[in-house]
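Below: the structure, in structure tokens.
Derivation of every value follows stated rules applied to the coordinates shown; laboratory data play no part. Quick caveat: nothing in here was measured; it's all calculated off a predicted structure. As a convention, Cβ positions derive from the backbone with ideal geometry for all residues, glycine included, and neighbour counts pool all protein chains shown.
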Amino acid sequence: MAFCALVSKKALGSALRSGAADLGSGLCQIRRLQTFSLPDLSYDYGALEPAISGEIMKIHHQKHHQAYITNYNKALEQLDEAIQKGDTSKVVGLQSAIKFNGGGHINHSIFWKNLAPTNEGGGEPPKGALGWAIDADFGSFEALVQKMSSEGAALQGSGWVWLALDKELKKVRIETTANQDPLVTKGLHLVPLLGIDVWEHAYYLQYKNVRPDYLKNIWKVINWKHASDAFDGEAA
Amino acid sequence: MPNEELNAISIVFLVVQSRATSSSSSRVTAQLELKAPPYPLDALEPYMSQKTLEFHWGKHHRGYVDNLNKQIAGTDLDGLTLEEIVVKSYNNGSPLPLSTMPPRHGAPIWNHDFLWTSIKPGGGGKPSGLLLELIERDFGSVDALLSEFKQAALTQFGSGWAWLGYRAGKLVVEKTANAVNPLVSDYTPLLVVDVWEHAYYLDYQNRRPDFVSTFIEKLISWDAVSARLDEAIAASKSA
């Protein structure tokens with residue numbers, strides 16, 4: 001029985017180059033490190049105006065989200081190397097960069113899907129199961145919007161405000177996370193239905209220091225269809 | 001330990017006469033003032049625009065002062081100095097848990113006061129004198145210090161500040177998140193850079209590295225840093 005250790009693509013490459021002995025016929029697995037790339041938006045940068053300016057959307061997507069992905073990929077490569085070498089110190093040391101940049105990638109990927117131009121359903125309140133759940137758990141759609149806006153406004157520093165499905169309790173509720181912490185850091189049983197970025201980069205060029213105005217206007221472009229689909233998918 | 005800062009907020013006391021039905025003691029309401037930067041708002045152009053200062057000082061900093069005055073009126077914090085308020089309402093390194101109203105503490109105000117006096121028109125250049133000596137002793141070179149300072153500013157994930165401080169006779173670089181400031185820590189601040197996005201977004205957008213480089217090269221007031229170092233040394237000798 002040919003034994004072939006799991007080797008990374010890099011190690012395999014260097015072994016072959018140095019003329020190493022046969023690594024086993026056909027059973028060699030090359031562990032590819034999966035890296036990530038910037039997802040496209042399904043609408044133009046300017047399509048969310050006047051709620052969110054095209055200038056903000058372009059910088060937010062092409063600069064901020066891209067930077068999280070670039071740095072996440074870099075951290076993953078360093079992590080891979082550290083794991084290979086058994087360098088535990090380095091592995092642990094990389095955790096904050098992974099959490100921050102990986103979280104940034106997760107959160108922004110969700111965010112782009114949470115938005116839609118008004119002529120494509122943006123702003124239309126949810127119907128169906130999510131609509132009923134919101135009524136049951138918040139009293140009304142308006143009450144949810146008001147509470148989520150006020151929690152987003154009150155968040156100190158940088159972070160996100162979420163409408164979350166609690167899979168265990170089968171209820172929807174509002175959560176906030178700091179910096180780029182994804183919602184799962186508040187509980188593995190929480191599913192993000194809707195996330196609103198309240199980092200200053202999400203609104204500053206347009207709304208300056210007036211975060212409440214940004215939060216008032218973003219509801220006009222919230223893609224409730226996506227949130228409903230996420231809810232239906234989990235709550236079934 | 002309250003920090004004896006030259007730029008302490010001056011407190012204007014307004015004495016409010018009590019109503020007829022209450023006792024004869026009068027209620028004192030302390031009003032913290034918004035201190036202006038020691039230069040016109042356009043003086044730091046093109047490195048930090050007038051527009052940035054109009055918002056950063058005129059809206060953010062002013063907002064912190066107005067909110068704190070409202071929050072402390074008639075409370076146990078009323079009448080204290082800014083430094084006393086910061087220390088008294090310190091919340092274990094966190095300005096406040098998320099999802100709550102703005103904190104009843106003065107750290108954001110203190111940090112911004114410290115920021116405006118850490119920079120000046122025609123700033124940058126190199127430190128000199130005792131400050132230079134200690135930099136070379138504790139970091140090897142000015143470049144090494146500035147590189148570490150910049151790193152701290154760039155790796156402060158999210159909102160926060162990077163500091164040059166003086167701890168137990170040594171110069172140190174530190175970073176703090178959100179509104180945390182060193183008054184409740186074990187180092188005396190000498191220099192700060194604000195890396196909340198509002199500090200640079202209008203001028204640099206996402207390019208925090210460019211902002212921090214420019215801050216270092218064109219804005220830092222090494223005179224102010226030297227003066228604060230002298231004070232910190234004097235204070236540690238008399239302590």
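So who's got an amide H within less than 5 Å of the one on B:Tyr166, skipping anything under 5 residues away but keeping other chains? H placed 1.01 Å off N, in plane.
HN-HN under 5 Å from B:Tyr166: B:Val172, B:Thr188, B:Leu190.
Have a look at A:Pro117, A:Gly159, A:Tyr214 and report the one farthest towards the positive end of the charge dipole of chain A, computed about the Cα centre with Cβ charges (Lys/Arg +1, Asp/Glu -1).
A:Gly159
In straight Cα distance, which lysines are under 21 Å from B:Lys120, not counting same-chain residues fewer than 8 positions off?
Filter leaves B:Lys35, B:Lys51, B:Lys59, B:Lys150, B:Lys218.
Determine the sum of side-chain charges near A:Ile196: Lys and Arg each +1, Asp and Glu each -1, restricted to other residues whose C-beta is under 12 angstrom from that of A:Ile196.
-1
Which aspartates and glutamates, on any chain, are close to B:Lys175 with Cα under 12 Å apart, when same-chain ones fewer than 8 places away are left out?
B:Glu148, B:Asp194
Mark the label point 7 Å from the Cα of A:Asn217 along Cα→Cβ and return the residues of the stretch B:35-59 whose backbone N is within less than 19 Å of it.
Under 19 Å, as judged by backbone N against the label point of A:Asn217, lie B:52, B:55-56, B:59 of the stretch B:35-59.
Which whole-Hz ³J(HN,Hα) couplings does the stretch A:34-51 yield from phi under the Karplus relation 6.51 cos²θ - 1.76 cosθ + 1.60, θ = phi - 60°, glycine and proline marked x?
7, 10, 10, 9, 5, x, 6, 7, 8, 8, 6, 4, x, 6, 9, 5, x, 5
Convert each backbone phi in the stretch B:72-86 into a coupling constant with the Karplus relation 6.51 cos²θ - 1.76 cosθ + 1.60 (shift: θ = phi - 60°), then list the ³J(HN,Hα) values in order as whole Hz, x for Gly and Pro.
After applying 6.51 cos²θ - 1.76 cosθ + 1.60, I find 9, 4, x, 9, 5, 8, 4, x, 7, 6, 4, 4, 5, 5, 4 Hz.
Residue by residue through the stretch A:178-186, which ³J(HN,Hα) values in whole Hz follow from phi under the Karplus form 6.51 cos²θ - 1.76 cosθ + 1.60 (θ = phi - 60°), with glycine and proline marked x?
8, 6, 10, 4, x, 4, 4, 5, 8
With unit charges on the beta carbons (Lys and Arg positive, Asp and Glu negative) and the dipole taken about the Cα centre of the stretch B:50-238, which residue among B:Ala232, B:Gln71, B:Ser128 sits farthest to the positive side?
The residue sitting most towards the positive pole is B:Gln71.
Kindly state, to the nearest 0.05, the FRET efficiency for A:Asp135 paired with B:Arg207, given R0 = 51 Å and r defined as their beta-carbon distance.
0.70
Quick check: residue separation of B:Ser185 and B:Asp230 times 0.36 nm, minus the Cα distance between them. What number comes out in nm?
Contour length minus Cα-Cα distance gives 14.3 nm.
Under a cut-off of 24 Å between alpha-carbon atoms, report the lysines in cross-link reach of A:Lys170, not counting same-chain residues fewer than 8 places apart.
Qualifying lysines at Cα under 24 Å: A:Lys113, A:Lys127, A:Lys147, A:Lys186, A:Lys225.
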